[in-house]
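Single-structure report; data block below.
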Amino acid sequence: MKIAFLLPSLSNKGPVIFTYNLIKGLLEIGIECEVFYFNEPVELEFSVKCTKIGFFKAFDFSSFDVIHSTMAKPDAYIFIHQNNIKAKKVSSLHCFVNEDLVQLRGKLIGGIYSFIWLYCLKNINNLIFSSNEMSKYYFKKLKENKKRLSTIIPYGIPNPIVQKIDDKSDLLLRNLRSEYKTILLGCGNLIKRKGFYQLINYLSKNDNAAVVIIGDGTCLDELKEQAVGMGVIQRTIFLGFRENSFNYYSYCDIFCMSSNSEGFGLAMIEAMSLGMPIVCSDLEIYKDYFTSENISLFQFGNENSFNSAINLVINNKEKYINGSHTLFKKYFSLKTMSERHKKFYDFIGNDGVNLYV
């Protein structure tokens, strides 16, 4: 079997990292893969052949059994060139398209982009979702299609190999560690839906805590201004974007998934693989996997709920360390994700005969 993966770029961002990991797992079980992309930057070094192609130029994919697209531009490419692509077409969905694009681009532009993306998706018959909630969301938005086949496969990652960080960051984080009892960690794009402001709010009522935020984005200045205004900037470290951010997790106590919307969250899964206790917003997308017995859940935007969730972990740390690691082994290993993708590729290759995904 030979799979062509179609990506917007080779940037070091969630959906691309997902594909990077998936390819690694598929290679281990004997699946041949290649990557095709449209734009810069090239930040990830894939272990397979990567080819830059033009969006409006048809490429010859006749040697591939499946073309697997991820994100809007690849899905649009498949739509535009569908008559020239004979391979089975698959798309992985990583976000709630309308809500996420409106938050990122604004109501007008985000709404237009959302409409176009959904229109393109209506012509891709094979879809992969990370949760049952995401599956239900898209099937409400896409027209009925009796040929459409889908499956739910949660994200999987290889066990991270933690390496030493640079001396300057090491000293900065060790000093923070020595001064404060609890270090909260947020990691991801610094955009509104990520809700990182909730971590900073926690500091205003908890003098023994500090916050480390890894990432960059449009809300960076806003978050810094918030920390200054609350008088907690000395307890808030903004590390900016860091490659392999999991190398920094051991300096912190609690990983906070604070978003109001998520495709899933690779940084959180990395934290789980390392046995880091998790505080997570109580989103529908996670209810297939998480319970309050293994993850400390809170209501997004409710300051008291967030603070209580943090304090619950502080008072029951071993319970949530064990719960986090158990969930990772059960649902989010790279081997499990790769084998389930192979089954789905086989399934659509047989036109839906013998459903076992």
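Looking at Ile78, Ile109, Ile124, Ile116, which one is without any contact (Cβ under 8 Å) to a residue 60 or more places away in the chain and under 21 Å from Thr19 (Cα atoms)?
Going through Ile78, Ile109, Ile124, Ile116 in turn, the sole match is Ile124.
For (1) polar (S, T, N, Q); (2) assigned to a helix (DSSP H, G or I), each residue gets a yes or a no:
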residue	(1), (2)
Ile237	no, no
Ser259	yes, no
Gly275	no, no
Asn304	yes, yes
Asn311	yes, yes
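Going residue by residue through the stretch 169-177, is there one that turns out to be charged (D, E, K, R), more than 30 Å from Phe306 (Cβ to Cβ) and loosely packed, with under 14 Cβ neighbours inside 10 Å?
Checking the stretch 169-177: not a single residue is charged (D, E, K, R), more than 30 Å from Phe306 (Cβ to Cβ) and loosely packed, with under 14 Cβ neighbours inside 10 Å.
Name the residues in the stretch 62-75 that are in contact with a strand residue (DSSP E or B) (Cβ under 7 Å, 6 or more places away or on another chain) and either of a type in the set (Lys, Arg) or farther than 20 Å from Tyr20 by Cα (or both), would you?
Correct list: Ser63 only.
Suppose we filter Glu318, Glu293 for residues that are without any contact (Cβ under 8 Å) to a residue 60 or more places away in the chain, surrounded by fewer than 17 Cβ atoms within 10 Å (Cβ to Cβ), part of a loop (DSSP other than H, G, I, E, B) and not aliphatic (A, V, I, L, M); which single one remains? Before you say what the answer is, go through the steps one by one.
Numbers: Glu318 fails: part of a loop (DSSP other than H, G, I, E, B).
Residue meeting the stated conditions: Glu293.
Has the stretch 240-258 got at least one residue that is crowded, with 21+ Cβ neighbours inside 10 Å, within 25 Å of Leu22 (Cα to Cα) and among the acidic types (Asp, Glu)?
No, the stretch 240-258 contains no residue that is crowded, with 21+ Cβ neighbours inside 10 Å, within 25 Å of Leu22 (Cα to Cα) and among the acidic types (Asp, Glu).
Please report, ordered by residue number, the strands (runs of 3 or more DSSP E) entirely within the stretch 1-96 with at least 1 residues that are open to solvent by less than 10 Å² (accessible area, probe 1.4 Å) and of a type in the set (A, V, I, L, M, F, W, C).
Correct list: 2-7, 32-37, 66-70, 88-92.
Assess whether Leu223 counts as being without any contact (Cβ under 8 Å) to a residue 40 or more places away in the chain, of a type in the set (A, V, I, L, M, F, W, C) and assigned to a loop (DSSP other than H, G, I, E, B).
Here the answer is no, as Leu223 does not meet what is asked.
Of all residues in the stretch 4-33, how many are among the aliphatic types (A, V, I, L, M) and touching a His at 6+ places or on another chain (Cβ under 6 Å)?
Adding up the residues that qualify gives 0.
Here is a yes/no grid of residues against (1) without any contact (Cβ under 8 Å) to a residue 24 or more places away in the chain; (2) out of contact with any Lys or Arg (no Cβ under 7 Å at 6 or more places or on another chain); (3) not charged (D, E, K, R):
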position	(1), (2), (3)
Phe196	no, yes, yes
Lys205	no, yes, no
Asn208	no, no, yes
Met230	no, yes, yes
Arg242	no, yes, no
Asn260	no, no, yes
Phe264	no, yes, yes
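Among the residues of the stretch 226-235 satisfying the criterion of being in contact with a helix residue (DSSP H, G or I) (Cβ under 8 Å, 6 or more places away or on another chain) and not in a helix (DSSP H, G or I), which is surrounded by the most Cβ atoms within 10 Å (Cβ to Cβ)?
Val232
Quickly run through the stretch 181-217 and pick out the residues that are over 25 Å from the mean Cα position of the chain (by Cα), assigned to a loop (DSSP other than H, G, I, E, B) and surrounded by 18 or more Cβ atoms within 10 Å (Cβ to Cβ).
Asn206 - this is the single residue of the stretch 181-217 that is over 25 Å from the mean Cα position of the chain (by Cα), assigned to a loop (DSSP other than H, G, I, E, B) and surrounded by 18 or more Cβ atoms within 10 Å (Cβ to Cβ).
So, of the residues in the stretch 218-248 that are over 18 Å from Leu184 (Cα atoms) and of a type outside the set (S, T, N, Q), which turns out to be farthest from the chain's Cα centre (by Cα)?
Across the stretch 218-248, the extreme among qualifying residues is Gly229.
Taking the stretch 321-341 on its own, how many of its residues are open to solvent by 70 Å² or more (accessible area, probe 1.4 Å) and in contact with a strand residue (DSSP E or B) (Cβ under 9 Å, 6 or more places away or on another chain)?
Count: 1.
For Ile128, which of the numbered conditions (1) open to solvent by less than 50 Å² (accessible area, probe 1.4 Å); (2) in a loop (DSSP other than H, G, I, E, B) fails to hold?
(2)
Within the stretch 128-184, track down each residue that is touching a Ser or Thr at 6+ places or on another chain (Cβ under 7 Å), without any contact (Cβ under 8 Å) to a residue 40 or more places away in the chain and among the small types (Gly, Ala, Ser).
Ser135, Ser150 - these are the residues of the stretch 128-184 that are touching a Ser or Thr at 6+ places or on another chain (Cβ under 7 Å), without any contact (Cβ under 8 Å) to a residue 40 or more places away in the chain and among the small types (Gly, Ala, Ser).
The values are calculated or read from the model by the stated rules, or taken from the named source; none is laboratory data. Just so it is clear, the structure is predicted and the values come from calculations on it, not from any experiment. Note: ideal-geometry Cβ built from the backbone for every residue, glycine included; neighbour counts use all protein chains shown. The area values use the complete protein model at the heavy-atom level, side chains included, leaving out ligands, DNA and RNA. Shrake-Rupley method; radii C 1.70, N 1.55, O 1.52, S 1.80 Å.
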